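As structure tokens, the structure follows; a few thoughts come after it.
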């Protein structure tokens, strides 16, 4: 029996995309105990996985910001007696934790900061999807579509009941979810275009739900106004509750941000709109019902892995050239496919 530690202290979306690796580790080692080091924000994602035993939150912006605090954290980990350690997160801090943990069998990526601390280095293939890259650490078969393992989480009864009450209150029988916000400005599809997409859904008898963080509520109200068929749910739910809510939606239209991965986890049709980033980086929706759109041929794209606070050229062509007519056409193809599948079943 192995006692395994997984280190993933990147963004929320990265945490969701680490779940397939954890699920595969559990499948390959059914008697193993798997614990996770995560950020405080991502903690609930891993706690909602049936494959995870315990989560250690690493508050790298506050409590565990200093080198001394990271050392103390690593020494605490070392007392747990782990036999294997996997770090899909490639940061210097994660490598330090791996070093201080005193685990003998450690796995990291070939491009990790301070990679010398890992006994086993796995090639980080920039052409692959992040899920496939993470699964490569387990040594499992990732050829063809074998890597396309969906993240699995389970909401508590209380969380599921809260979502059910929300759906009943707003009479959400047929609804589309739009996720117009992002931490990075150049990842955000133009608000005016998103408004056209919302109007398309309303015209076609959908209700529209807008999702995001608490800080996004006022901006969403300003951009979309008040409409009975538009429900602003930004800040209403936890991450796990948000995924549970998405399970009931007909489609999600999102920027290249965490909601894309929530939609994949919920296994619904996801349309991801790429502005300054590109799907080739490896974070596109990969469940069979989903698609993505991106304007190719721009020399300035991508301007960064995560996007930027403003367009370096001041033109934002990557977003403006992705016209809403093309987006709506793709939505029609996706929803027609959905209707045909339901008719066939």
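The values are calculated or read from the model by the stated rules, or taken from the named source; none is laboratory data. Predicted, not measured: the structure shown is a model, and the values here were computed from it. Heads up, the Cβs are rebuilt from the backbone with ideal geometry, glycines too, and the neighbour counts pull from every protein chain shown.
Structure data summary
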read-out: Selected residue (criterion: nearest to the chain's Cα centre (by Cα)) from residues of region 220-247 that are more than 25 Å from residue 294 (Cα to Cα) and assigned to a helix (DSSP H, G or I); value: 239
read-out: Test set (1) buried (at least 20 other Cβ atoms within 10 Å of the Cβ); (2) at pLDDT 95 or above; (3) in contact with a helix residue (DSSP H, G or I) (Cβ under 8 Å, 6 or more places away or on another chain) - residue 234 fails condition number; value: (2)
read-out: Exclusive hit being in contact with a strand residue (DSSP E or B) (Cβ under 9 Å, 6 or more places away or on another chain) and at negative phi, set 315, 277; value: 277
read-out: Residue within region 248-255 that is under 21 Å from the mean Cα position of the chain (by Cα), at pLDDT below 95, within 25 Å of residue 292 (Cα to Cα) and buried (at least 16 other Cβ atoms within 10 Å of the Cβ) present; value: no
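Quick grid of which residues meet (1) assigned by TED's automatic domain parsing to the domain that holds residue 29; (2) exposed (fewer than 15 other Cβ atoms within 10 Å of the Cβ):
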{"residue": "99", "(1), (2)": "yes, no"}
{"residue": "103", "(1), (2)": "yes, no"}
{"residue": "106", "(1), (2)": "yes, no"}
{"residue": "112", "(1), (2)": "yes, no"}
{"residue": "118", "(1), (2)": "yes, no"}
{"residue": "124", "(1), (2)": "yes, no"}
{"residue": "144", "(1), (2)": "no, yes"}
{"residue": "148", "(1), (2)": "no, no"}
